[in-house]
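Colleague: Below you'll find the structure I mean.
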Amino acid sequence: MFEAWGRANGFEILSHEECWVLTEAIVGRSVYRLTVRDTVGRRRRGVARCGLRWLGLLPDQIVVRWDDSGSSSQ
């Protein structure tokens, strides 16, 4: 899932690890700590949110909130 997203967005996936976050906004979603390398060689870390775990749905869209900018990408 992350490999395809990374290729489509110009990132090399260096690591991803599932983490648990208990807030109403993301209950039931899979949340991961993600480390990537972008097209200019910069390492970026962030939190990636995807899918509805309990419904078994994994949409193509992954939303990432980067640690270094406070912005999101899809």
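The values are calculated or read from the model by the stated rules, or taken from the named source; none is laboratory data. Treat the numbers as computed from the prediction; the structure is a model and nothing was measured. No Cβ is skipped: glycine too gets one built from the backbone with ideal geometry, and neighbour counts run over all protein chains shown. In case anyone asks, the SASA skips ligands and DNA or RNA and just uses the protein heavy atoms, side chains included. Shrake-Rupley method; radii C 1.70, N 1.55, O 1.52, S 1.80 Å.
Colleague: If you take the residues of the range 7-47 that are modelled with pLDDT of 90 or more, small (Gly, Ala, Ser) and touching a Lys or Arg at 6+ places or on another chain (Cβ under 9 Å), which of them is least open to solvent (accessible area, probe 1.4 Å)?
Modeller: Gly46
Colleague: Here is a follow-up. Which of the residues spanning the range 48-58 are more than 11 Å from the chain's Cα centre (by Cα) and either at pLDDT 90 or above or of a type in the set (Gly, Ala, Ser) (or both)?
Modeller: Gly56
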